[in-house]
Amino acid sequence: MDDQTLLLNGDEAVAYAALDCGVDLGAGYPGTPSTEILEKFAELGGSAEWSPNEKVALEVSIGAAFGHARVITTMKHVGLNVAADPLFTATYTGVDGGLVVIVADDPGMASSQNEQDSRRHAIASGAPVIEPCDAQQAYDCLEKAFFVSERWHIPVILRLTTRVSHSKTLVTRRPLSRAAHQPSYAKDASLHVMVPANARKAHVRLRGKLEEIAAWASGECVRVAQEGKAGAPAIVASGISVALASEAAPDARIVQTQMVHPFPADGIRAALGGAADIRVVEEGDPVLFEQCRLVGIPARANPRIYRFGELSVSRVRRLLDGIETPEPPPPPGQPPALCPGCPHRSAYQVLADRKAIVTGDIGCYTLGVMPPFSAVDTCVCMGGGITVGLGLRKVLPPEQARRVISVIGDSTFVHSGLTGIAEMVYNPPPTGHVVVILDNSITAMTGMQENPATGRNLKHEITYKMSLEDVVRAMGVPNVHVVDHVAHPEEFAALLDRAEAEGGLWTIIVRRPCLIAAPKIRQYDQANAAGIPIMPPPARPCDSAPAPRQAPPAGGRTTSVVIAGLGGQGVVKASDIFADAVFRAGYDVKKAEVHGMSQRGGSVNTDIRFGSAVQSPMVPDGEADILLVMDQSQIANTRHRLAEGGLLLDNSCLATVKYGSPKCATVAMLGVLSAHLGIPLDNWMEAIRANLPEKLHEMNIAAFEAGRAYAAAQ
């Protein structure tokens with residue numbers, strides 16, 4: 001296998017590009033689906049850090065870019081709201097180095113509270129925005145974004161979406177251009193200090209830059225992704241919509257623009273080639289459509305139903321056919337829930353028993369809204385748990401106001417809760433207020449990241465540990481208590497009783513490490529105490545042309561497989577192994593998945609497609625050749641994805657298979673699957689070893705072989 005051709009998701013591809021572009025610093029805040037960018041960059045040896053929030057991350061990055069450094073800042077779409085204040089001024093000040101703000105939108109809201117389209121921020125702030133359609137383009141577009149940033153001294157947004165961030169495709173690394181200057185600072189207050197006299201001139205400069213960038217992008221960021229047939233419609237698209245449209249409309253001319261703003265009108269007109277019937281395929285707001293119409297490109301408007309949720313091949317087919325009738329809802333899957341043994345369960349049981357009005361926040365603990373607790377009453381934004389609760393306390397009748405309790409997590413408290421405490425002590429409600437900080441010692445919802453209250457940095461090395469109780473006391477809260485609510489729920493309940501009876505301002509920190517994170521935290525502490533590096537040795541930037549990849553095996557047909565199960569069963573890991581085995585066999589392969597709240601015990605689906613040339617990473621409904629189901633409950637809500645005559649493999653067969661540990665069930669089912677595919681056994685073995693820790697190799701290979709033997713016998 002050529003080390004310069006890798007199977008990566010979009011986030012990982014950006015991380016490799018950051019290494020190969022010589023990025024000096026990466027800063028961000030974890031948020032699905034952007035989290036893995038900085039994690040992978042740090043794993044590769046890059047300088048990366050989790051900031052307290054996205055605003056801080058962008059401000060740190062702007063400072064580094066003022067010093068001629070190459071910098072990336074990462075966040076999800078709602079994080080861009082937090083970072084908007086510095087962004088809107090940074091386009092005026094410009095930068096002396098290169099600054100790329102990588103924003104991952106979440107169409108369909110797999111793990112988000114709204115369906116925001118970050119292209120609107122780009123237009124409003126005057127920031128150029130580049131949008132790749134897959135992991136290979138995500139790798140290539142970071143270099144392009146740095147070129148624009150350094151050529152025109154402007155921050156650039158690299159916009160990803162869930163199905164780019166979390167879809168794996170083949171990525172070929174190559175030597176990328178690096179910064180021309182070493183970090184240094186040159187004083188120029190006229191550029192860096194936005195008093196009105198300087199800002200007025202800067203705004204004029206910004207609009208001139210955008211005109212120049214649009215002209216450049218017409219030649220460098222527009223391509224005909226699919227030639228199409230004479231007389232067929234032409235489609236303008238960006239991002240994942242390019243792949244979806246190519247599969248949904250194989251006869252259409254597909255014009256991709258990687259530069260979404262400023263709009264490269266001349267390049268798009270030329271690529272359309274005078275087509276009479278012009279359509280636009282895009283997720284979210286009709287941004288490309290509006291831009292086309294503004295410059296006189298007569299694109300047809302899409303029915304409004306297609307601006308909601310994710311697009312798929314099936315939905316694009318409906319869109320292009322002009323179907324406006326309501327889409328049939330997919331069969332309901334199993335909703336997510338707090339993990340068994342989660343310490344938040346103990347807190348919510350106490351709150352539910354006292355019928356509290358709970359103003360919630362963003363994190364794992366938002367799932368307290370679900371049965372059996374049904375304990376969360378509001379959830380708006382990061383930090384809103386405290387301030388929404390204060391608002392209710394200030395207007396409700398006293399007997400009802402005393403029942404209002406705010407909950408917020410440790411990472412979210414550092415992110416946006418400090419100002420809520422400032423509001424609480426500065427403008428206290430007449431009945432007082434109670435803030436409960438659910439401290440599970442990790443940023444759990446996004447995948448167990450560190451934060452300033454854990455005492456470890458992004459690389460899990462020891463750093464200063466913020467004491468939440470000391471901070472709250474220093475800010476003026478008179479009643480601050482720390483309790484292990486799992487071991488002593490009665491103590492937690494008694495504190496709430498006192499707070500309701502006595503009034504005043506209270507902060508109760510209920511502290512118990514996340515059950516999933518606890519073993520990892522112990523490993524980090526042991527490694528740090530012994531001076532053993534936790535991260536692997538740094539990777540080398542790509543410095544030579546890639547070797548040619550072997551031609552895919554003969555046969556042009558694409559094989560589509562869906563793996564379905566519940567969060568915690570290892571569905572995503574099984575699909576990683578499967579896709580890796582196919583990759584090692586020489587096929588073109590694409591894999592789509594959703595990392596979201598569903599992984600907390602909810603329904604999880606992953607799509608794997610392989611062949612000589614694969615378009616979309618997502619399997620169209622009703623076109624899966626094989627549906628592999630890891631839990632019987634998921635057959636009813638995923639059967640519609642299976643093609644007529646397709647093969648259903650469900651885990652009931654494991655009842656007769658001796659495959660060892662229950663933790664190996666998904667790998668045993670991969671063994672069953674392998675008997676129905678022509679992937680060499682050696683490739684499966686290599687993929688298992690590459691994707692699992694060495695101590696788990698033997699037991700998982702045995703489980704795979706048991707499943708394969710069972711299928712062969714049948």
Please find, within region 673-694, the residue that is modelled with the highest pLDDT out of those that are touching a Ser or Thr at 6+ places or on another chain (Cβ under 9 Å) and not aromatic (Phe, Trp, Tyr). Leu681
Kindly provide the set of residues from region 371-384 that are more than 17 Å from Gln400 (Cα to Cα) and without any contact (Cβ under 8 Å) to a residue 40 or more places away in the chain, ordered by number. Pro371, Pro372, Phe373, Ser374, Gly383, Gly384
With the structure loaded, tell me whether Ser411 is of a type in the set (S, T, N, Q), in a helix (DSSP H, G or I) and either touching a residue at least 40 places away in the same chain (Cβ under 8 Å) or crowded, with 21+ Cβ neighbours inside 10 Å (or both) or whether it fails that test. yes
Confirm whether Pro513 is in the same structural domain as Thr443 (by TED's automatic domain parsing), touching a residue at least 60 places away in the same chain (Cβ under 8 Å) and outside any strand (DSSP E or B). yes
Does region 58-80 hold any residues that are within 17 Å of the chain's Cα centre (by Cα) and more than 21 Å from Leu206 (Cβ to Cβ), and which are they? Ile72, Thr74, Met75, Lys76, His77, Val78, Gly79
Has region 8-24 got any residue that is out of contact with any Gly (no Cβ under 6 Å at 6 or more places or on another chain) and closer than 14 Å to Ile157 by Cα? yes
Matching residues, region 316-359, being in contact (Cβ under 8 Å) with a residue 60 or more places away in the chain and among the hydroxyl-bearing types (Ser, Thr, Tyr): Ser346
Output for Cβ contacts, cut-off 7 Å, separation at least six or different chains, first residue hydrophobic (A, V, I, L, M, F, W, C) in region 617-636, second assigned to a loop (DSSP other than H, G, I, E, B) and crowded, with 19+ Cβ neighbours inside 10 Å, reads Met618/Ser312; Met630/Gln569
Within region 551-565, track down each residue that is touching a helix residue (DSSP H, G or I) at 6+ places or on another chain (Cβ under 7 Å) and farther than 20 Å from Asp134 by Cα. Ile563, Ala564, Gly565
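Can you tell me which residues in region 183-209 are assigned to a loop (DSSP other than H, G, I, E, B) and under 18 Å from Gly98 (Cβ atoms)?
Selection gives Pro183, Ser184, Tyr185, Ala186, Asp188.
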Scan region 390-407 and give yes if some residue there is touching a residue at least 40 places away in the same chain (Cβ under 8 Å), in the same structural domain as Glu423 (by TED's automatic domain parsing) and small (Gly, Ala, Ser), otherwise no. yes
I'm checking my understanding of the structure. Among residues of region 498-518 that are over 13 Å from Asn479 (Cα atoms) and of a type in the set (Val, Ile, Thr), which one is modelled with the highest pLDDT? Val510
Pull up region 362-397, narrow it to residues that are within 21 Å of Asn427 (Cβ to Cβ) and in contact with a Leu (Cβ under 9 Å, 6 or more places away or on another chain), then point me to the one that is surrounded by the most Cβ atoms within 10 Å (Cβ to Cβ). Gly383
Looking at the structure I just gave you, is Thr93 in contact with a Leu (Cβ under 8 Å, 6 or more places away or on another chain) and surrounded by 22 or more Cβ atoms within 10 Å (Cβ to Cβ)? yes
Read through the list (1) surrounded by 14 or more Cβ atoms within 10 Å (Cβ to Cβ); (2) in contact with a Gly (Cβ under 8 Å, 6 or more places away or on another chain), then give the number of the only condition that Ala551 fails. (1)
Listed residues Thr419, Thr446, Thr454, Thr431; which is assigned to a loop (DSSP other than H, G, I, E, B), at pLDDT 95 or above, within 30 Å of Ala48 (Cα to Cα) and β-branched (Val, Ile, Thr)? Thr454
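The values are calculated or read from the model by the stated rules, or taken from the named source; none is laboratory data. Please read these numbers as outputs of a predicted model, since none were measured by experiment. So basically every Cβ, Gly included, is an ideal-geometry build from the backbone, and we count neighbours across all protein chains shown.
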